[in-house]
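Peer 1: My questions all concern the structure below.
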Amino acid sequence: MNYRAFLQILVFAALSAQCFGQPVRVTPIPKNWYQLDPATDSVAGISLARAYQLLKNMKPRTVIVAVIDNGVDIDHEDLKNVIWTNAKEIPGNGIDDDHNGYVDDVHGWNFRGAKDGTIIENEQASSTQFYRAWKDRFDHADSSRLARTDRGTLPYI
């Protein structure tokens, strides 16, 4: 191919991309995009306005939510006034006041941290620990040939 033919193809390709390419979004993405509604706003958000409409005449109820995470800042401005407090525990006395097996579980219990509430860095999740412990034994096992005790109780195993 000569230089002139190559240049013509290049110019044609550049012009065709303008005509046949994907349209470029000219409106900026709104800062509250996550609150918008896919049907009414054409933005994949959580439909917050619709949710408020559905909840408008409902009586509010207290809801306790368990946080399963690698750490929660209970002093964060959005949490500190609403974080659950175990009224049966006396903070910092080193005693299991409510007799549930957890000492000073004032705001629940950190199963992934140390006794003093600090987060243990680079700790593996229990599921990862189980996987590593049993991987070699069961990785290529034929589940139909396993003893019932090794198959567990799940119906699909």
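The values are calculated or read from the model by the stated rules, or taken from the named source; none is laboratory data. The structure displayed is predicted, hence computed values, not measured ones. Cβ sites come from the backbone with ideal geometry, for glycine too, and all protein chains shown count toward neighbours.
Peer 1: Answer with yes or no whether ARG148 is modelled with pLDDT of 80 or more, basic (Lys, Arg) and out of contact with any helix residue (DSSP H, G or I) (no Cβ under 9 Å at 6 or more places or on another chain).
Peer 2: Here the answer is no, as ARG148 does not meet what is asked.
Peer 1: Within segment 46-84, how many residues turn out to be in a loop (DSSP other than H, G, I, E, B), modelled with pLDDT of 90 or more and surrounded by 12 or more Cβ atoms within 10 Å (Cβ to Cβ)?
Peer 2: 2
Peer 1: Being at pLDDT 85 or above, assigned to a loop (DSSP other than H, G, I, E, B), surrounded by 13 or more Cβ atoms within 10 Å (Cβ to Cβ) and touching a helix residue (DSSP H, G or I) at 6+ places or on another chain (Cβ under 8 Å) is the requirement here; does VAL43 meet it?
Peer 2: So VAL43 passes the test.
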